[in-house]
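First the structure, in the form of structure tokens, and then the observations on it.
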Amino acid sequence: MIDLKKMKFEDLVEYGSNMAQKCIGNPEYAEKNIEKIRDVKSEVERRDLLSQDDWEAEEKERS
């Protein structure tokens, strides 16, 4: 399983976007991956709420 907390923000957003695209017209995929989709959404929202300094510090840790 992919560790979402270790992904760069841009990669995380792209990963979530790709998952969302796969869900279109494919309810089986969406149902099977609903928890993963929620996890990605939560992580994006969490990072969106971070201050700029906190966000930059987390990005440096990932690099």
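The values are calculated or read from the model by the stated rules, or taken from the named source; none is laboratory data. Nothing here was measured: the structure is a model prediction, and the numbers come from that model. Because the Cβ atoms are built from the backbone with ideal geometry, glycine has one as well, and the counts that use them run over all protein chains shown.
Miscellaneous remarks
- Residue satisfying condition, being part of a helix (DSSP H, G or I), within 10 Å of the chain's Cα centre (by Cα), at pLDDT 95 or above and surrounded by 11 or more Cβ atoms within 10 Å (Cβ to Cβ), within set Asp11, Asp39: Asp39
- Of all residues in the range 1-26 being in contact (Cβ under 8 Å) with a residue 24 or more places away in the chain and of a type in the set (D, E, K, R), the one that is farthest from Lys60 (Cα to Cα): Lys5
- Every residue from the range 27-62 that is over 19 Å from Lys6 (Cβ atoms) and either touching a residue at least 24 places away in the same chain (Cβ under 8 Å) or of a type in the set (Gly, Ala, Ser) (or both): Ala30, Ser51
- Taking the range 49-63 as the range and being surrounded by fewer than 10 Cβ atoms within 10 Å (Cβ to Cβ) and part of a helix (DSSP H, G or I) as the test, the residues that pass are Leu49, Gln52, Asp53, Lys60, Glu61.
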